[in-house]
Amino acid sequence: MNAIPRQKPIFRFAPSPNGPLHLGHALSAILNHDMAKQAGGRFLVRIEDIDQARCTPEFEAGIFADLAWLGLTWEEPVRRQSDHFRAYQSALQSLIERDLVYPAFLTRGEVKARVATGETSDRPWPRDPDGTPLYPPDDRARSNEERKRLLDAGLKHAWRLDMDKAIAEAGGPLHWRETGDGETGDIPADPAAWGDVVLSRSDAPSSYHLSVVVDDAAQRVTHVVRGLDLFHATSIHRLLQTLLDLPQPLYHHHRLILGEDGKKLSKSLGDTGIAEWRRQGWSPAELRRRIGL
C-alpha cells in the first residue's frame, strides 16, 4: 500500500496595500519566510485588499519591492482578496441561511449615543479585548418582520454574527494550538469577549475575520504566523472555522515592534517604512539586526 504523502507546511504573509510596510511587517514577513524554509515548506504572499477605498496599486508594488529587497522569495500567483469576493459572500450566505447572523442598522453615531446613554460610572459598557464597546443588542432583538421591512427599504446595514447563537452552534469549548512569544500550548478560545462582530458591511463585502479564515482554508495554510496584537482575535477565527467546517491551522503570535512611544508601529501614524530605511542606506542584514533577528 502506498503511503499517503503529507502536506508540506504552508506559511503566508498577508499585508494590506493601504500604506508602506514598516519594521513590524518586516519581522512578520521574515519570520514566515524563514520558518517555512526551515520546515521545508512553502511561503505565500497574500494581498488583503478588501478595503478598495484605501488600497492602491502603488502600495501593492511597494510591498513586493520591499519583500524582494529583504531577500524573500514567494510563490506565484499571489492571491488577492479582491478576486475572491464571491467566496466570502458564499461563506456569509451559509451563515445567513442558518440564522447565525443578523442585519445591523445602527450607525456609528447611534452606537456611540447608545453606549453613552447605557454607561454609568459604576456600570461601564462592556468592551472587547481591543477596548471597543460591544455592539448594542437593539438589532439582534428585532423581529424578522422588522428586519425584512428595513432591508426592503434599502437601509444601509452590516451583517453581524449573533455570538450567542454561534457559540451554541459550535457545540462546545474551542481551543487553538499556540507556539508563539506569549502564552503557548492549548489556548482556550473566548469568542464571547468580542460580542456580535461584523462579518460584512455595505461598503465592504467581507470583514477581516471572515475573509482571513476563508483565505487560509482556500490556500491550505497550516501555520499562521502573525503579531501578538491578533492573539485574542484568534478566538473569533476558531469559531468561524468551526461554523464553516474549515481546517484549523497552528498559530504562532510573535512579539511586536514598538515605536518610541511604546505603541506598536502603524501605517496610519506614518511610522517609518522599510523603503525609507532602504533610502537611508540600510542593508537587509542591518534591518534584520534592528528588529532583533
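The values are calculated or read from the model by the stated rules, or taken from the named source; none is laboratory data. Remember, predicted model here, so these are calculated numbers, not experimental data. Cβ sites come from the backbone with ideal geometry, for glycine too, and all protein chains shown count toward neighbours.
Computed values, structure above
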read-out: Tally, over region 245-265, of residues that are at pLDDT 95 or above and out of contact with any helix residue (DSSP H, G or I) (no Cβ under 8 Å at 6 or more places or on another chain); value: 2
read-out: Close pairs from region 73-86: first under 15 Å from ALA217 (Cα atoms), partner small (Gly, Ala, Ser), Cβ under 7 Å, at least 6 apart; value: GLN81/SER211
read-out: Verdict on SER143 being touching a Ser or Thr at 6+ places or on another chain (Cβ under 7 Å), farther than 17 Å from THR234 by Cα and hydroxyl-bearing (Ser, Thr, Tyr); value: no
read-out: Positions within region 29-53 being small (Gly, Ala, Ser) and farther than 22 Å from HIS84 by Cβ, in sequence order; value: ALA36, ALA39, GLY40, GLY41
read-out: Tally, over region 3-56, of residues that are part of a helix (DSSP H, G or I) and of a type outside the set (Gly, Ala, Ser); value: 11
read-out: Count of residues meeting criterion [touching a Phe, Trp or Tyr at 6+ places or on another chain (Cβ under 7 Å) and in contact (Cβ under 8 Å) with a residue 24 or more places away in the chain] in region 117-128; value: 1
read-out: Which numbered condition SER268 misses (of (1) modelled with pLDDT under 95; (2) surrounded by 20 or more Cβ atoms within 10 Å (Cβ to Cβ)); value: (2)
read-out: Sole residue being outside the structural domain of ASP196 (by TED's automatic domain parsing), not polar (S, T, N, Q) and not in a loop (DSSP other than H, G, I, E, B), chosen from LEU92, LEU67; value: LEU67
read-out: Test set (1) at pLDDT 95 or above; (2) closer than 24 Å to HIS84 by Cβ - ARG201 fails condition number; value: (1)
read-out: Residue match in region 167-182 (condition: crowded, with 18+ Cβ neighbours inside 10 Å, in contact with a Pro (Cβ under 8 Å, 6 or more places away or on another chain) and of a type in the set (A, V, I, L, M)); value: yes
read-out: The lone exception for GLY281 - which of (1) in the same structural domain as ASP34 (by TED's automatic domain parsing); (2) without any contact (Cβ under 8 Å) to a residue 12 or more places away in the chain; (3) not in a loop (DSSP other than H, G, I, E, B) it fails; value: (3)
